[in-house]
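Below is one structure; the comments refer to it alone.
The values are calculated or read from the model by the stated rules, or taken from the named source; none is laboratory data. Values in this document were obtained by computation on a predicted structure and should not be read as measured data. Because the Cβ atoms are built from the backbone with ideal geometry, glycine has one as well, and the counts that use them run over all protein chains shown. Areas reflect the complete protein model, heavy atoms only, side chains present, ligands, DNA and RNA absent. Shrake-Rupley method; radii C 1.70, N 1.55, O 1.52, S 1.80 Å.
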Amino acid sequence: EAQVTQNPRYLITVTGKKLTVTCSQNMNHEYMSWYRQDPGLGLRQIYYSMNVEVTDKGDVPEGYKVSRKEKRNFPLILESPSPNQTSLYFCASFGGWEDRTDTQYFGPGTRLTVL
Amino acid sequence: LAKTTQPISMDSYEGQEVNITCSHNNIATNDYITWYQQFPSQGPRFIIQGYKTKVTNEVASLFIPADRKSSTLSLPRVSLSDTAVYYCLVVYGGYNKLIFGAGTRLAVHP
């Protein structure tokens, strides 16, 4: 079954304590992306990756890091979390335009609370 | 990148057809129009995508006029389970990022 998995699904942490949210996809997709969703602001892109070792900033990259060492994994790293990073986070992957796979697949979401 | 504008909310009743219109005045030649559906606390789910004219799948239809400055998502005979937020996106054909707007919150009533 094609899927994007995220872990953890729920996380409560404190300001300044480094954390990593993992994302993995089993579709051999080249494109992966991280979004955060906040009430009234919709989904905003944090970072995206067009392939292994190729990453770029989205609209709200401040306070986040990513890495893409393998095609299937795209972890989101918060080096020093702050309360304004409390949000619902989604990872997504996309097969690209070459084979006309037009769908972005989204993970189930990670609800992060930073105290 | 093309900006989209869609109604904030809509109400309907079971069995009715729902049409949600999205405007994207500065759409570029290589851009595609894509719609997603999102239920609370779940990731968005792809519904339909088109470039021009009309596209239909088992879930919805997408109408795109010749100038492509707007598009209309049509949901036939909605049910309570169609209550969700619907996002209209304009996606560059070469793809590097998706821009989600605030979406349209559809409420289907019995």
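Overview of values
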quantity	calculated
For residue A:26, distant residues with modelled amide H under 5 Å away	A:3
Estimated FRET transfer efficiency when R0 is 35 angstrom, pair residue B:42-residue A:77 (beta carbons, to 0.05)	0.90
Complex-versus-alone comparison for segment A:17-54, residues with a loss of 40 Å² or more in accessible area, probe 1.4 Å	A:43, A:45, A:48
Accessible-area value, residue A:43, 1.4 Å probe, nucleic acids and ligands omitted, Å²	0 Å²
Within the accessible area of chain B (1.4 Å probe), percent carbon and sulfur	52 percent
Residue with peak Gaussian network fluctuation, chain A [Cα springs, cutoff 10 Å], from A:63, A:16, A:42	A:42
Surface accessible to a 1.4 Å probe, residue A:34 within the full protein complex, Å²	0 Å²
Largest-first ordering by accessible area, 1.4 Å probe, given options B:23, B:9, A:87	B:9, B:23, A:87
Of all accessible heavy-atom area on chain A, the percent that carbon and sulfur account for (1.4 Å)	50 percent
Alpha-carbon Debye profile of segment A:5-115, log10 I(q)/I(0) at 0.15, 0.23 Å⁻¹	-0.58, -1.32
1.4 Å probe accessible area per residue over the protein assembly as shown, in Å²	48 Å²
Under Karplus coefficients 6.51, -1.76 and 1.60, residue-wise ³J(HN,Hα) of segment B:50-58 in Hz, glycine/proline x	x, 10, 7, 6, 10, 10, 9, 10, 6
Dipole of the protein assembly as shown, positive end: most advanced residue of B:20, B:87, B:48 [Cβ charges, Cα centre]	B:87
Heavy-atom accessible surface that B and A bury in contact, both chains counted, 1.4 Å, Å² to 100	1800 Å²
Debye log10 I(q)/I(0) at q = 0.18 Å⁻¹ for the protein assembly as shown, Cα point scatterers	-1.33
Cα-based equivalent ellipsoid, chain B: semi-axes from gyration tensor eigenvalues, Å	23, 15, 12
